[in-house]
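First comes the structure, then the notes that go with it.
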Amino acid sequence: MLTFTLRRLALGLLMLIALSVLVFVLLRLAPGDPIDAYIDPNVSVSQAEMAAIRARLGLDQPLPVQYLAWLGAAATGDLGYSIQRSGVRVLALVFERIGPTLLLMATGLVLSIVFGIATGIIGAVRRNSTTDVGLSVAAFVGISSPAFLTALLGLYVFSVQFRVAPSGGMLTPGVPFSLGDLLAHLILPAVLLSIGQAALIMRYMRASMLEVLNQDYVRTARAKGVREFFVIVKHALRNALLPVITLIGSTIGMAIGGAIFIESVFNWPGMGLLMVNAVETRDYPVIMGATLVIGACVILVNLVTDITYAAVDPRIQVA
Amino acid sequence: MRLRTLRSALVLTTTLLAPMLALPALAETGKTISGGFDVGPGGFPGNFNPLAATAGLTWLSVYYEPLVIYNADLTAIVGDLAESFEISADQKTYSFKLTSESWHDGEAFTSTDVKFTLEAAKNGDTGSVFAARLGAIESIATPDDRTVVLTLSAPNAGLLDTLTKIMMLPEHALGKVPPADLAKSTWWSTTPVGTGAFKFEKYVTDQYVEVVADEDYRGGRPAVDKLINRYFENSAAAVAALRAGEIQFTYVEADDVATFNGNDQFKVIEGPSFVVNYVGFNQEVPFWKDLKVRQAVMYAIDRKAIIESLYNGAATEANCGYVAEQFVPAGIEPYAYDPEKAKALLAEAGWAEINGDKPITILTYYNNPLSTNVLAAIQAMLAQVGINIVPRAVDSPTYNATVLAAEPNFADFPLIYAGLQDGPEPSNINVGLNETMIPPAGTNALRIRMPEVSAAFDAALGETDATKRDARYQAVCQAMNANLPWATMWVANRYGVSSTSLEHFVWTPAPGGGPFDADPEKWDLGNAQ
């Protein structure tokens, strides 16, 4: 078991190094560097001034030297400083952003599960009724609407026109923290993030529920005089949920993609906004650091899964 | 039993959450102005280090101050932390008499701080973007606590303009930090002290910066208790926050202005951008070397029509690098729209043989809808005379990397649509036009080698008699108008929008955010937020 774990750990470390090389090379292939992003083309700045900044940041060094310097520092836990933010350490910045992203994604996921399952059940129980048709149309609109569109529309309607939700940020600036303030800022982006997933879950839930409701054991339950509510909740729902649970797992990736758009539109201080800003400003240390931390998390989760499998099923070690 | 348990749980949860769910507004105390002060081209969100500030000076000057500053309409440089200043007749000695002020931590502001700041700004190791511009300073003398004397090795007409952008820094707080460590110091975004009307309170990473009133400010205690500078991903997000009533001011794109006109809840602030827009001819591309071809481009573009229809009249036609009256001589060629003349000039130059209708890329970093429409109009107008241009819009880093590359591929930018800051200091455009400014010395990326233009700039930069300065820049304008290193288009206006509840608020769309004398201590809110 120890050998297996060590081998997997070494493999994970190699994958992390490979990931960092890949990101480093891709970044350098993209046109422009942090100094090109730093300079407003409308403002007169001499090449000598730009060269001095490049030299100070070590961007004038050969690429292998730059990479090894970064790797050496990263090995000691130092991911460097953000170029576009004076004096801000990358590691602190990245850890600061993980929480808000998880909060937004988790809230969006919970909302989409609750709304998706509830509306799916209603649609199936009231099959072909006006409610069912209305919900189905809404679900198709939800599935077809890209996240950036729903985000902008939601912002315009609820923040600008009706002023019922803040237009952005996670907390009201200059005001002491309160849970109410956090929830007020969270609810609109989370609801908008959940729309696409909720619509998808609703369609699956409805189809699955319809299938189950036609099963003999449901008919038997009804024949025995069980109240309709309990027939649906106790007998049908449990079986209908199985394929939906599988679907929910596979839509988490969709939630990550959606979160990047939502974070940009609502200025939500998460990983998505951080990465978008960093790419726009060619903030190499932030892009490298954020990618490394995300990559490390993914590799770690896979490692834990592998080790768990191995512990449960000894044949995996042999394989 | 189950129901009772559920009810009890609900009551308990509500009781526990109630204090936390209290409305945020109840917790807010004092008058607070929130704005998107770093939105738009004059902003630099996330930069707290004035030595590295290529923009963002509107906000930085709320808690830091320079020795001298532009007045609010950017027509003159006046004293700020220097209560008076004198320049010797030979333009080589600058004497500043300092005002009586203290830093936000209570220490006195003295000439030692000025010397420390200017030395740090001169030293490239600190990450200063001003190092090259301060190269002419030979010595910095501090005869007493209130006097600073700068001695220059040669006259430098742009020095005062540069000094407006250099915020004074406290020697007692930063003097012990090695120059190379200054740029990455956390001091800038955690515990900075300045001399401005507001004191730095806190920075919530990438969300907002909060400053509070300095009770002892020499201009009087600020009218509001707090200023908050909110960060936005783009100006559209800031506009949404303004409309939602969450902020009281932001820069807005020209396209958005119409939606605020006639709305009595908002006030539109308009001012010249001090950025001259031009179509630049890459002189490494042979067919632009012929003056007749460059003249044809000028005659083929109906600038008046573009200004009227796309800018709604809010731009000033430019026939050289300047539009400010004092720098534009009478009698220069107006290049009025004349497509027939353009065709004739092209025929004389043999355009059909040297390029004909082969597509010519026009590279730009302007990505907003207005610029897209402007380029489409220019494309259509040039097509009418037989010049086939193809716009290519990229982001600023890609643009800079393309045109300022050490070994550029000139075929990537035979034409550019760009802008350069032409004021309030007129020498700014020298860096893009003078032959001596061809990279790596400057940003003359188009490799313009026009002796008459370079000589005019050299004469203007070397002029020590202030009374002759305007005439020297008129000569620059004349040379540009005759030689057409660029097809100059216009200087467009830029806009900010404030809530009408904001009183005594001063803002102007200065390049890089100024700074300018905005008197932030007088900003007030007429109605409670």
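The values are calculated or read from the model by the stated rules, or taken from the named source; none is laboratory data. Keep in mind that this is a model prediction, so the values were computed, not measured. Positions of Cβ are generated from backbone atoms using ideal geometry, with glycine treated the same way; all protein chains shown enter the neighbour counts.
Numbers for the structure displayed
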quantity	calculated
Matching option when the condition is surrounded by 14 or more Cβ atoms within 10 Å (Cβ to Cβ) and of a type in the set (A, V, I, L, M, F, W, C), among A:Val233, A:Val286, A:Val312, A:Val304	A:Val286
Matching residues in region A:91-105 - criterion: being over 14 Å from the mean Cα position of the chain (by Cα) and either among the small types (Gly, Ala, Ser) or in a strand (DSSP E or B) (or both)	A:Ala92
Residue within region B:259-275 that is within 14 Å of chain A (Cβ to nearest Cβ) and more than 30 Å from B:Leu525 (Cα to Cα) present	yes
Enumerated helices (runs of 4 or more DSSP H) restricted to region A:27-90, each holding at least 2 residues that are out of contact with any Phe, Trp or Tyr (no Cβ under 9 Å at 6 or more places or on another chain) and either among the acidic types (Asp, Glu) or free of Cβ contacts under 8 Å to residues at least 40 places away in the same chain (or both)	A:47-57, A:63-75
Pairs where the first residue, in region A:155-178, is more than 9 Å from chain B (Cβ to nearest Cβ) and surrounded by 22 or more Cβ atoms within 10 Å (Cβ to Cβ) and the second is at pLDDT below 90 and assigned to a helix (DSSP H, G or I), C-beta under 6 Å, 6+ apart	none
Which listed residue, of B:Ala108, B:Ala121, is closer than 16 Å to B:Glu65 by Cα, within 14 Å of another protein chain (Cβ to nearest Cβ) and among the small types (Gly, Ala, Ser)	B:Ala121
Single condition A:Ile83 does not satisfy, out of (1) within 26 Å of the chain's Cα centre (by Cα); (2) at the interface with chain B (Cβ under 8 Å from one of its Cβ atoms); (3) under 30 Å from B:Asn277 (Cβ atoms)	(2)
Within region B:225-243, tally of residues that are crowded, with 21+ Cβ neighbours inside 10 Å, of a type outside the set (Asp, Glu) and part of a loop (DSSP other than H, G, I, E, B)	2
Filter pass, A:Ala296 being in a helix (DSSP H, G or I), away from chain B (no Cβ under 14 Å) and modelled with pLDDT of 85 or more	yes
Hits in region B:122-133 - residues which are among the small types (Gly, Ala, Ser) and within 19 Å of the chain's Cα centre (by Cα)	B:Ser128, B:Ala131, B:Ala132
Only one of A:Ile245, A:Ile252, A:Ile299, A:Ile294 that is out of contact with any helix residue (DSSP H, G or I) (no Cβ under 6 Å at 6 or more places or on another chain), over 25 Å from A:Ala198 (Cα atoms) and not polar (S, T, N, Q)	A:Ile294
Matching residues in region B:59-93 - criterion: being part of a helix (DSSP H, G or I) and of a type in the set (S, T, N, Q)	B:Ser61
Test: B:Thr467 is farther than 24 Å from B:Leu291 by Cα, at pLDDT below 95 and assigned to a helix (DSSP H, G or I)	yes
Residue check for A:Ile17: aliphatic (A, V, I, L, M) and either in a loop (DSSP other than H, G, I, E, B) or surrounded by 18 or more Cβ atoms within 10 Å (Cβ to Cβ) (or both)	no
Which listed residue is at pLDDT below 95, of a type outside the set (A, V, I, L, M, F, W, C) and under 30 Å from B:Ala238 (Cα atoms), from A:Arg227, A:Arg127, A:Arg238, A:Arg163	A:Arg163
When residues of region B:257-292 are limited to those that are farther than 27 Å from B:Asn428 by Cα and free of Cβ contacts under 8 Å to residues at least 60 places away in the same chain, the one surrounded by the fewest Cβ atoms within 10 Å (Cβ to Cβ)	B:Gly262
Residue that is surrounded by the most Cβ atoms within 10 Å (Cβ to Cβ) [pool: residues in region B:120-143 that are over 21 Å from B:Asn428 (Cβ atoms), touching a helix residue (DSSP H, G or I) at 6+ places or on another chain (Cβ under 7 Å) and not β-branched (Val, Ile, Thr)]	B:Ala120
Residue check, A:Leu63 surrounded by 14 or more Cβ atoms within 10 Å (Cβ to Cβ), more than 7 Å from every other protein chain (Cβ to nearest Cβ), more than 16 Å from B:Pro439 (Cα to Cα) and under 35 Å from the mean Cα position of the chain (by Cα)	no
Within region B:404-416, tally of residues that are out of contact with any helix residue (DSSP H, G or I) (no Cβ under 6 Å at 6 or more places or on another chain) and closer than 20 Å to B:Met489 by Cα	3
Complete set of residues in region A:129-148 that are away from every other protein chain (no Cβ under 14 Å), in a helix (DSSP H, G or I) and within 20 Å of the chain's Cα centre (by Cα)	A:Gly142, A:Ile143, A:Ser144, A:Ala147
Residue match in region B:448-462 (condition: within 14 Å of chain A (Cβ to nearest Cβ), within 24 Å of the chain's Cα centre (by Cα) and either touching a residue at least 12 places away in the same chain (Cβ under 8 Å) or in a loop (DSSP other than H, G, I, E, B) (or both))	yes
Unmet requirement for A:Leu16, which otherwise passes all of (1) under 12 Å from A:Tyr284 (Cβ atoms); (2) within 27 Å of the chain's Cα centre (by Cα)	(1)
Selection within region B:403-426 - surrounded by 22 or more Cβ atoms within 10 Å (Cβ to Cβ), within 11 Å of chain A (Cβ to nearest Cβ) and part of a helix (DSSP H, G or I)	B:Val403
Residue satisfying all of: in region A:26-43; more than 28 Å from the chain's Cα centre (by Cα) and of a type in the set (A, V, I, L, M); farthest from B:Ala401 (Cα to Cα) among these	A:Val43
Residue match in region A:196-214 (condition: within 28 Å of A:Val276 (Cβ to Cβ), part of a helix (DSSP H, G or I), within 14 Å of another protein chain (Cβ to nearest Cβ) and not hydroxyl-bearing (Ser, Thr, Tyr))	no
Members of region B:209-226 found to be over 27 Å from the mean Cα position of the chain (by Cα) and within 14 Å of chain A (Cβ to nearest Cβ), listed by number	B:Asp225
Matching residues in region A:1-46 - criterion: being touching a Gly at 6+ places or on another chain (Cβ under 6 Å) and either among the charged types (D, E, K, R) or facing chain B (nearest Cβ under 7 Å) (or both)	A:Asn42, A:Val43, A:Ser46
Search result, residues across region B:345-390 that are within 28 Å of B:Ala236 (Cβ to Cβ), outside any helix (DSSP H, G or I) and either acidic (Asp, Glu) or within 25 Å of the chain's Cα centre (by Cα) (or both)	B:Ile362, B:Leu363, B:Thr364, B:Tyr365, B:Tyr366, B:Asn367, B:Asn368
